[in-house]
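Here is the structure we will look at.
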Amino acid sequence: MDTHQHHQDIIDRVSEQLKDVLGSSEQGIYIYLDDVHKACNKKFASLLGYASPKEWAQTEGNFPDRFADHGSQEALVSAYGKAMERMVASTIKISWKKKAGGTVETIVILVPIEFEGHLLALHFVTD
């Protein structure tokens, strides 16, 4: 199995493991492994104007540039770095870019998680 397929498999299995949380939470949630390998719940996809979690997950590009408003990118990258390097959670304000234009202001709780030896970030998003 190549690296891309392995990472997709990790995201698919983490999503399956967390399916009740993803499906039942009142918050938007997304799971991030890298710019290509990510998943979200319907609430987060809808918040940003995507028709489905699958449509959002298939969106390509540099994650902060693609999804976070310019003024929020540094906070998002910094919180992610702390989560991955020091295993600490953060609560940050993030302004997300909506698919059709405009932004939405949120509070994000970013938490590091480990799944089968892979570090990922789990994000809970409140608008």
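Every condition in (1) more than 10 Å from the chain's Cα centre (by Cα); (2) outside any loop (DSSP other than H, G, I, E, B) holds for ALA39 except the one numbered (1).
A single entry from GLY23, GLY61 fulfils the requirement of being more than 23 Å from THR126 (Cβ to Cβ) and among the small types (Gly, Ala, Ser): GLY61. Collect the residues in the range 40-55 that are touching a helix residue (DSSP H, G or I) at 6+ places or on another chain (Cβ under 7 Å) and within 17 Å of HIS7 (Cα to Cα), keeping them in residue-number order. Scanning the range 40-55 gives a single hit, CYS40.
Give the residue, chosen from VAL77, VAL104, that is within 20 Å of ASP65 (Cβ to Cβ), without any contact (Cβ under 8 Å) to a residue 24 or more places away in the chain and of a type in the set (A, V, I, L, M, F, W, C). Within the list VAL77, VAL104, the selection yields VAL77. Among the numbered conditions (1) surrounded by fewer than 19 Cβ atoms within 10 Å (Cβ to Cβ); (2) free of Cβ contacts under 8 Å to residues at least 40 places away in the same chain; (3) closer than 14 Å to ILE113 by Cβ, the only one that LEU33 does not meet is (2). For LYS82, all conditions in the list (1) of a type in the set (D, E, K, R); (2) under 19 Å from LEU119 (Cβ atoms); (3) open to solvent by less than 70 Å² (accessible area, probe 1.4 Å) hold save one; what is the number of the exception? Checking LYS82 against (1) of a type in the set (D, E, K, R); (2) under 19 Å from LEU119 (Cβ atoms); (3) open to solvent by less than 70 Å² (accessible area, probe 1.4 Å), the one that fails is (3). Of the residues SER46, SER90, SER78, SER95, the single one that is modelled with pLDDT of 95 or more, under 23 Å from ASP127 (Cα atoms) and touching a Lys or Arg at 6+ places or on another chain (Cβ under 7 Å) is SER90.
Among the residues of the range 11-29, is any at positive phi, open to solvent by 40 Å² or more (accessible area, probe 1.4 Å) and modelled with pLDDT of 95 or more? The answer is no, given that none of the residues of the range 11-29 is at positive phi, open to solvent by 40 Å² or more (accessible area, probe 1.4 Å) and modelled with pLDDT of 95 or more.
Scanning the range 60-72 for residues that are in contact with a strand residue (DSSP E or B) (Cβ under 9 Å, 6 or more places away or on another chain), open to solvent by less than 40 Å² (accessible area, probe 1.4 Å) and not in a strand (DSSP E or B) gives PHE63, PHE67, SER72. SER46 fulfils the conditions (1) farther than 21 Å from GLY117 by Cα; (2) open to solvent by 30 Å² or more (accessible area, probe 1.4 Å); (3) part of a loop (DSSP other than H, G, I, E, B) except for a single criterion, (3).
Okay, residues lined up against (1) open to solvent by less than 20 Å² (accessible area, probe 1.4 Å); (2) closer than 18 Å to LEU22 by Cβ:
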{"site": "SER78", "(1), (2)": "no, no"}
{"site": "MET87", "(1), (2)": "no, no"}
{"site": "LYS97", "(1), (2)": "no, no"}
{"site": "THR106", "(1), (2)": "yes, yes"}
{"site": "HIS123", "(1), (2)": "yes, yes"}
{"site": "ASP127", "(1), (2)": "no, yes"}
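Taking residues in the range 36-52 that are more than 18 Å from PRO64 (Cβ to Cβ) and β-branched (Val, Ile, Thr), and partners anywhere that are at pLDDT below 95 and in a loop (DSSP other than H, G, I, E, B), not one pair has Cβ atoms closer than 7 Å while being at least 6 places apart or on different chains.
The values are calculated or read from the model by the stated rules, or taken from the named source; none is laboratory data. For clarity, every value in this text was computed on a predicted model and none was experimentally measured. Cβ: placed from backbone, ideal geometry, glycine included. Neighbour counts: every protein chain shown. Just the protein is used for accessible areas: all its heavy atoms, side chains included, with ligands, DNA and RNA removed. Shrake-Rupley method; radii C 1.70, N 1.55, O 1.52, S 1.80 Å.
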